[in-house]
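Chemist: I'd like to ask some things about the structure below.
The values are calculated or read from the model by the stated rules, or taken from the named source; none is laboratory data. Just so you know, these numbers come straight off a predicted model, no measurement behind them. Backbone-built Cβ (ideal geometry, glycine too); neighbour counts: all protein chains shown. Ligands, DNA and RNA are excluded from the accessible area calculation, which covers all protein heavy atoms including side chains. Shrake-Rupley method; radii C 1.70, N 1.55, O 1.52, S 1.80 Å.
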Amino acid sequence: MGNGIAQVAARAGLAVVMHDVTDEFLSRGLLTIDKSLQRDVEKQRLSPDDKHRIVSRIKPVKELTALSETDFVVEAVTEDLAVKVDIFRKLDQIVRPDVILASNTSSISITKLGAATSRPDRFIGMHFMNPVPVMKLVEIIRGAATSDETYSASRQLAEAMGKTPVAVNDSPGFISNRVLLPMINEAIFALHEGVGTAEAIDQIMKLGMNHPMGPLELADFIGLDVCLAIMNVLYDGFNDSKYRPCPLLKKYVDAGWLGRKTGKGFYEY
């Protein structure tokens, strides 16, 4: 997600500082960006010179302090409250007081994350969809303290990046994952209970509901660990049994079968 956001921002003409914790992760992110842009070059949607200019706008850094001169920060670390809070507390001390901090979280409370900083009024959620260069939507999530100015600036940034921002209020899973993940979880329950095979479940949803991707295939694409994390946020946030993660989802995550990124999930890759 992070390299996708960096690519889209750089393509929009913005100077980007892309932070990660190791040279390996940064190199992997830059390679992903290069491959994505090269596909556009091969399809004649982008010139080689334009590709070079886009890549040159991205500065990879390992030190978090290198973000001190940035004007806007979008976090895209793992979907874990403690990890995000730690990052934002550090960023709060590094960047200027007027800088907006945004989280790409797909489910965690923006109000709670913002409260961990000294600038809850300048804290917001910007939930990009994956793959970022392709998907148009950005959920803009206002926390309890988010100011109108912060919302306006974040919306303008999303539009400058060629995205369509849609405003939602802070609630577990927001709108996208509050609707999507229970559907995926129910599909996993159907598989768990032997109602149908993975292929049958996905084919029914693609052919019968005109979904471009079946729910189990989509779960593998998202990452089963991410799906479980979001279901846990919904379950804890609403205290409602309808959001209980399927035992089969937990079992696959325990086994390390996380989907495409590990080569095995509900399908093998």
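Chemist: Suppose accessible area is computed on protein heavy atoms with a 1.4 Å probe; arrange Phe221, Phe189 from highest to lowest. Don't skip to the answer; put the middle values down first.
Modeler: Values: Phe221 70, Phe189 30 Å².
If we order Phe221, Phe189 from most to least accessible, we get Phe221, Phe189.
Chemist: Using 7 Å Cα-to-Cβ label points, what is the Val195/Leu46 separation (nm, one decimal)?
Modeler: 4.1 nm
Chemist: Given +1 on the Cβ of Lys and Arg, -1 on the Cβ of Asp and Glu, and no further charges, what dipole in debye does the chain carry about its Cα centre, rounded to the nearest 20?
Modeler: The dipole magnitude comes to about 340 debye.
Chemist: Taking only protein heavy atoms and a 1.4 Å probe, what accessible area per residue, in Å², does the chain have with all protein chains in place?
Modeler: With the other protein chains kept in place, the chain gives 51 Å² per residue.
Chemist: For the pairs Lys163/Lys242; Lys163/Lys264; Lys206/Lys264; Lys35/Lys163; Lys136/Lys206; Lys90/Lys250, flag any whose C-alpha to C-alpha distance is greater than 24 Å.
Modeler: Lys163/Lys242; Lys163/Lys264; Lys90/Lys250
Chemist: Just the accessible area for Ser152, please: 1.4 Å probe, Å², rounded to the nearest 10?
Modeler: Here the accessible area works out near 50 Å².
Chemist: So how much accessible area does Leu14 have, in Å² to the nearest 10, using a 1.4 Å probe?
Modeler: 60 Å²
Chemist: Using a 10 angstrom cutoff on alpha carbons, build the Gaussian network for the chain and name the most mobile of Arg178, Arg39, Arg28.
Modeler: Arg39
Chemist: If you don't mind, there's one more thing I want to ask. Running a GNM on the chain with Cα contacts under 10 Å, which residue among Thr146, Thr78, Thr111 ends up with the highest mean-square fluctuation?
Modeler: Of the options given, Thr78 has the highest mean-square fluctuation.
Chemist: Run down the aspartates and glutamates and flag those whose C-alpha is under 15 Å from the C-alpha of Lys251, throwing out any fewer than 8 positions away in its chain.
Modeler: Glu193, Asp220, Asp225
Chemist: Which value, in Å² and to the nearest 10, is the accessible area of Lys261 when all protein chains are kept and the probe is 1.4 Å?
Modeler: Rounded to the nearest 10, the figure is 120 Å².
Chemist: Over the Cα atoms of the range 1-86, what Rg and Dmax result, in angstrom?
Modeler: When restricted to the Cα atoms of the range 1-86, Rg and Dmax are 13.7, 44 Å.
Chemist: Less than 13 Å apart at the alpha-carbon level, and either on another chain or at least 8 residues along: which aspartates and glutamates does that give for Lys112?
Modeler: Asp80, Asp86, Asp121, Asp170
Chemist: Would you tally the net charge around Ser36, using a Cβ to Cβ cut-off of less than 12 Å, leaving Ser36 out, and scoring K and R as +1, D and E as -1?
Modeler: Details: positive: Arg11, Lys35, Arg39, Lys43, Arg45, Lys51; negative: Asp34, Asp40, Glu42.
So the environment of Ser36 carries a net charge of +3.
Chemist: Rank these by accessible area, largest first, 1.4 Å probe: Tyr235, Tyr151. Walk me through the intermediate numbers first.
Modeler: Details: Tyr235 85, Tyr151 45 Å².
My answer, sorted largest first, is Tyr235, Tyr151.
Chemist: Per 0.36 nm of contour for each residue apart, how much would the distance between Val17 and Gln156 grow if the chain were fully extended, relative to their Cα-Cα spacing?
Modeler: 48.1 nm is the gain from fully extending Val17 to Gln156.
Chemist: Identify which of Lys90, Lys59, Lys43 has the largest mean-square fluctuation in a Gaussian network model of the chain, with springs joining Cα atoms closer than 10 Å.
Modeler: Checking each option, the largest mean-square fluctuation is seen for Lys43.
Chemist: Still on this structure, please answer the following. Please give the length that would be gained between Ala144 and Leu207 if that part of the chain were fully extended, namely 0.36 nm times their separation in residues minus their C-alpha to C-alpha distance (nm, one decimal).
Modeler: That works out to 18.6 nm of additional length.
Chemist: Something else now. When averaged across all projection directions, what area in nm² does the alpha-carbon convex hull of the range 1-156 cover?
Modeler: 8.6 nm²
Chemist: What is the percent carbon and sulfur in the accessible area of the chain, measuring with a 1.4 Å probe over the protein chains and ignoring ligands?
Modeler: C and S atoms contribute 52 percent here.
Chemist: Mind giving me the nanometre distance, one decimal, between the label points for Phe238 and Tyr267, set 7 Å out from Cα along Cα→Cβ?
Modeler: 2.8 nm
Chemist: Quote to one decimal, in nm, the extra length available between Val168 and Lys251 on full extension: 0.36 nm per residue of separation minus the C-alpha distance between them.
Modeler: 26.6 nm
Chemist: Then there is this: Determine the distance separating the Cα centre of the range 192-246 from the Cα centre of the range 58-124; give it in Å without decimals.
Modeler: Taking the Cα centre of the range 58-124 as reference, the centre of the range 192-246 is 29 Å away.
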